[in-house]
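Bear in mind these aren't lab numbers, they're just calculated from the coordinates by the rules spelled out. Computed from a prediction, not measured in an experiment: that's the story for all the values here. All Cβ positions, even for glycine, are placed from backbone atoms using ideal geometry, and neighbour counts span all protein chains on display.
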């Protein structure tokens, strides 16, 4: 189980991560806009611009998904459920939460999910 100091530290990490992700999403708006056909650039440059746009959109989706996990973790804090594995309901280790404060599963359940055992 987490100590009060650890819990407070992890909440602060979640809040900082949420702010970072929000800023990343705000900054990523320009890069994910469609590439205009009317823009006078060469064919290869247009392909590069489209590739950059696709990568920007993928990064944006990833940041949105992570932000949703962070928001869910903060809601679990409000319900005194933060730090508990969503599968086995056992405490998630402090070291794992320190590395990934939005972790949903303990290391064992996560390993099972990644190996396809669940």
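List of remarks:
- Label-point gap, in nm, between residue 51 and residue 78 - each point 7 angstrom along Cα→Cβ: 4.4 nm
- Binning the alpha carbon pair distances of segment 4-115 at 5 angstrom intervals from zero yields the distribution 2, 11, 17, 17, 13, 11, 9, 7, 6, 4, 3, 1, expressed in whole percent.
- Kirkwood radius, segment 73-118, all distinct C-alpha pairs, inverse of mean reciprocal distance: 10.7 Å.
- Taking 0.36 nm per residue of sequence separation and removing the Cα-Cα distance, the residue 113/residue 90 pair yields an extension gain of 6.7 nm.
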